[in-house]
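Reviewing the structure listed below.
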Protein chains: 4
Amino acid sequence: MDKLKIGETELNSRLFIGTGKYSSNDILPKVINSSKSQVITLALRRVNLHSPEENILNYIDKNCTLLPNTSGARNAEEAVRIARLARASGCGNWVKIEVISDNKYLLPDNYETIKATDILAKEGFVVLPYMNPDLMDAKRMVDAGAAAVMPLGAPIGTNKGLRTEEMIQILIDEINMPIIVDAGIGKPSQAAKAMEMGADAVLVNTAIASSSNPIIMGEAFHHAVVAGRKAYLAKMRAVKKFASASSPLTGFLYGGDI
Amino acid sequence: MDKLKIGETELNSRLFIGTGKYSSNDILPKVINSSKSQVITLALRRVNLHSPEENILNYIDKNCTLLPNTSGARNAEEAVRIARLARASGCGNWVKIEVISDNKYLLPDNYETIKATDILAKEGFVVLPYMNPDLMDAKRMVDAGAAAVMPLGAPIGTNKGLRTEEMIQILIDEINMPIIVDAGIGKPSQAAKAMEMGADAVLVNTAIASSSNPIIMGEAFHHAVVAGRKAYLAKMRAVKKFASASSPLTGFLYGGDI
Amino acid sequence: MDKLKIGETELNSRLFIGTGKYSSNDILPKVINSSKSQVITLALRRVNLHSPEENILNYIDKNCTLLPNTSGARNAEEAVRIARLARASGCGNWVKIEVISDNKYLLPDNYETIKATDILAKEGFVVLPYMNPDLMDAKRMVDAGAAAVMPLGAPIGTNKGLRTEEMIQILIDEINMPIIVDAGIGKPSQAAKAMEMGADAVLVNTAIASSSNPIIMGEAFHHAVVAGRKAYLAKMRAVKKFASASSPLTGFLYGGDI
Amino acid sequence: MDKLKIGETELNSRLFIGTGKYSSNDILPKVINSSKSQVITLALRRVNLHSPEENILNYIDKNCTLLPNTSGARNAEEAVRIARLARASGCGNWVKIEVISDNKYLLPDNYETIKATDILAKEGFVVLPYMNPDLMDAKRMVDAGAAAVMPLGAPIGTNKGLRTEEMIQILIDEINMPIIVDAGIGKPSQAAKAMEMGADAVLVNTAIASSSNPIIMGEAFHHAVVAGRKAYLAKMRAVKKFASASSPLTGFLYGGDI
């Protein structure tokens, strides 16, 4: 079986989904089900231990792995504090490090992210850093103890797709650690493409949550990720400059062979 | 249920596959099974009534609809003759019209194709013309009685993908008849994209037949077509210029609300 | 000297411009001057022999070649009538055949265009047919006597660029007649790219006329066309998969060679 | 006049060129002349004070600004040493910081580059750091005293063009300092596009040096950069979804208005 291993966890699904931007929490279990996702990311703020209705944890299947993110952190120190709070709140020991100080493009700060990765990995967290795809920084994240690397395809929520394709491909080829494309994926075809390129998984939130029908869209992304992964395994052929017939072209009518 | 109707036939699968370029006919039933395809295209030359081993028909599930093509035809007259031979050989009354006189790019001749469409539709064939995407010619094909229109994404066998995207989108938006993207699709992500654009189906041959593992690749394309179709139905959101956070960004650590 | 010959005319400039969409005719001579264009296209309707101020011909340098178009024609017959009127009105014997019956995308009708080309070429016109890029139809236009072929890059006025790149490249490689990319070019970089691909000239109207400063934009397109043409002549190198240093990388500080 | 100011220097040309990969130094003065470039980058190793024939400085017009690079440096310390050697060798006080420890893609190390920028700016150098486009790192370079920022379009020498377009556009929009696109530009059309996007200049080496005719290719890039800059100044129009006629379309033949 083609499983993805992150830390000690083995996953059948290579589609991670988010929990933000849904019109209501009630739809979340249905999307988790239709998308077959096993890793669910969430902002710690939405974990409200005092109100079951507002506690996002109550809407997530217990068999899923939680991936709390450090959304709201503007530097390594804040990310570390949020990660510790998440673990203390019962979210487990996985953490997606997001350090963002740019309010317009919401681009990650690789330097602060590496610092936080280093601290949290030493504390036993399974650390998945969100990053601007950069080979040197990805190597530093691996050295700092990251369990996977999460390069962005385009700024969060833009649905622009794999605008950083060139650099993501280099990470895939050079980094010996799972590569999970996070942010920017707006359509199933883009998720499929990331998987065809050799990405190990993708994280999708906005494209599912803000579609007209998140349940069906979750299913669509499930199929897309499976499609891309299988194509990667079955090896696609290179592009050819000239045409090549699928059917015999010559001598049919006059060849006398019917 | 979301079915595709062509002529009088209702289809659950929107992936049509070809039978050319496989290393052996033995693999064909397995690919038909893994791809869940219900429409199979074939060159009439490969229908050999005198030799069961070499007769391609013996490798195609009886529940599938056959789509014999007129490969080898260089003008309308030849296409018409091949179509009639195909029907007489027991291939049913569907026909994919291919009229090709260019040996390098194998591009279709729309003008001759329209003529053949007109003749064969009048003779009761379910006619699917293969074409260079052109709005005026697609209208003429519809007027001539085509049951669907099959624009190419790129020259046959090149795996280049949807190089004619602009014109295919116009056909999808303007032609009130199934649009089946044929030729050029080299990866599942490209098939998904065609379906997201609103194509009704895709035909894939080279990308499956020449992959390292056609059975898995057939499965990959099945998932890709389902993904793209479901995304089209669930409506994707537009691309945004600027980022938009999935998680709350501000006031977390200092907001006092935990 | 690298001249473009069309009919009997030798041109130094490979940028053709249009006369529509300008805020006033007064700016036209300045744009002709800044763009260095020698071929100017115009709709016959704008040739008003009774009013010098409204007669577009009075704003076009006498050394330019006029390229009246058959805008407004919905079939071959109408195109032929407009072409004859243009010649009778003193516009010379060049004609750009535009036959358009689609009001939304303004796509040309290749079939009617071929018919008009055939008639007008026999009457001694230098015929430049505007077309949807299609290899078979381009061959028919050449056979019908066209002096050049004008494939569209994208629908008129959209500024989308070379969306039909794949098919235009095939025309460039296969058709032994000048290829002039017409319609869709929205930026100088796109004009440069068309020329790098081997196009013989480009026609630009909307991108210049509707810019904030048509005079400077005309100059920009002039430079772009020169850039692309010179690059084509000087031969560009292929894309490489991996990096290749421009400067020596190793052994500098410790190599002992300074 | 539209000049580019870097440090205290005002430039008329926005095309910087390199000196590597030429078949012989003799061609260099001709390329400088044809490209009209005023800033010439060079590896310090090629400055040989003991041999006039091999000393690259003897082939560069005295009116040009030299931009020695720190090619060969694998960390900040080495870059600083090379920069100081360059200044001591009479190359002036500009320096392009290149810190590269990846031998396959030759990607820059932003972190070490920022450190070197900080040290050298304090020593009075005009520092132009070569970087992987990253908003946070570009801000740090500006804070460290960079006189411009040089993001890569694609790995050095690949001719792949603006693969990092998304991130370069963000730098252009957000960084209040000249942005010079460096590395990856393989064709004049790509240089024009970078300028249309609002880049302040481009640096081109491989595409010129390895073309069949570097002198003409230098001229081509000159025109392309001028074209892109002028288009940026004259403001291009947005892309439109539907067509828009350049010429009046209706009522021509039957409108009775001629």
Computed D for segment C:2-68, Stokes-Einstein, Kirkwood radius over alpha-carbon pairs, 25 °C, 0.890 mPa s, to the nearest µm² per second, is 197
For the rotation taking chain B to chain D, the chain B residue with the nearest C-beta to the axis, plus the distance in whole Å, reads B:VAL239, 6
Between the alpha carbon centres of segment C:165-233 and segment C:81-140 the gap in Å comes to 20
Burial-style ranking of B:108-114, D:50-56, A:57-63, average other-beta-carbon count within 10 Å with highest first, yields B:108-114, A:57-63, D:50-56
Residue-ordered couplings for segment D:194-210, obtained by feeding phi - 60° into the Karplus form 6.51 cos²θ - 1.76 cosθ + 1.60 and rounding to whole Hz (Gly and Pro as x), are 4, 5, 4, 5, x, 4, 8, 6, 9, 10, 10, 10, 3, 4, 7, 4, 9
Rounded to the nearest Å, the spacing of the alpha-carbon centers of segment B:1-55 and segment C:1-47 is 54
Low-density loop trypsin sites (Lys or Arg not before Pro), segment D:1-56, at most 15 other Cβ within 10 Å, DSSP non-H/G/I/E/B, are D:LYS3
Karplus-derived 3J(HN,Hα) from phi for segment A:112-125 (6.51 cos²θ - 1.76 cosθ + 1.60, θ = phi - 60°), whole Hz, x at Gly and Pro, runs 5, 5, 4, 4, 5, 4, 4, 5, 6, 4, 5, 8, x, 6
The answer for B:PHE16, listing residues at least 5 apart or on another chain whose modeled amide H is closer than 5 Å to its amide H, is B:VAL202, B:LEU203, B:VAL204
With -39,500 (n - 2.57) per DSSP H segment of 4 or more residues and division by the full residue count of the protein assembly as shown, the 222 nm estimate, nearest 500 deg cm²/dmol, is -10500 deg cm²/dmol
log10 I(q)/I(0) for segment C:74-180, Debye formula on C-alpha points only (no solvent), q = 0.11, 0.18, 0.23 Å⁻¹, two decimals, reads -0.31, -0.83, -1.23
Note: A:106-115 gets an average of partner chain Cβ contacts (10 Å, Cβ to Cβ) equal to 4
GNM of chain A, Cα pairs under 10 angstrom: of A:GLY20, A:GLY218, A:GLY153, the biggest fluctuation goes to A:GLY20
Computed over chain C, the distribution of all Cα-Cα distances in 10 Å bins, rounded to whole %, is 7, 30, 35, 16, 5, 4, 2, 1, 0
Shape descriptors of segment A:150-209 over alpha-carbon atoms, Rg and Dmax in angstrom, are 10.2, 33
Partner lysines whose C-alpha sits under 22 Å from that of D:LYS122, ignoring same-chain residues fewer than 8 away, are D:LYS5, D:LYS96, D:LYS139
Residues whose built amide H sits under 5 Å from the amide H of B:MET131, excluding neighbours closer than 5 in sequence, are B:MET150, B:LEU152
Partner shielding of A:211-221, taken as the mean number of other chain Cβ atoms within 10 Å, equals 5
The summed charge of the D:LEU67 Cβ neighbourhood (under 14 Å; Lys/Arg +1, Asp/Glu -1) stands at +1
For the protein assembly as shown, the Cα convex hull volume per residue in Å³ comes to 182
In segment C:12-234, taking the dipole from +1 charges on Lys and Arg beta carbons and -1 charges on Asp and Glu beta carbons about the Cα centre, the listed residue (C:TYR22, C:THR113, C:ALA83) farthest towards the positive end is C:TYR22
Amide H neighbours of B:THR9 at under 5 Å, excluding residues fewer than 5 places away on the same chain, with H built from the backbone geometry, are none
For segment B:189-242, listing trypsin sites (Lys or Arg not before Pro) in a DSSP loop whose Cβ sees at most 12 other Cβ atoms within 10 Å gives B:LYS235, B:LYS241
Once all protein chains are kept in place, D:LYS122 shows an accessible area at probe 1.4 Å, nearest 10 Å², of 150
For segment A:71-86, Karplus-derived ³J(HN,Hα) couplings (6.51, -1.76, 1.60; θ = phi - 60°; whole Hz; x for glycine and proline) come out as 3, x, 6, 10, 7, 4, 4, 5, 4, 4, 4, 5, 4, 5, 4, 4
Expressed as a whole number, the average count of other chain Cβ atoms within 10 Å around the Cβ atoms of D:59-72 is 2
Any aspartates and glutamates whose Cα falls less than 16 Å from that of D:LYS115, other than same-chain ones fewer than 8 residues away, would be A:GLU112, A:ASP137, D:GLU77, D:GLU78, D:GLU98, D:GLU123, D:ASP134, D:ASP137, D:ASP143
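The values are calculated or read from the model by the stated rules, or taken from the named source; none is laboratory data. Here the structure is a predicted model, which is why all the values come from computation and not from measurement. Because the Cβ atoms are built from the backbone with ideal geometry, glycine has one as well, and the counts that use them run over all protein chains shown. SASA here: full protein model, heavy atoms, side chains in, ligands and nucleic acids out. Shrake-Rupley method; radii C 1.70, N 1.55, O 1.52, S 1.80 Å.
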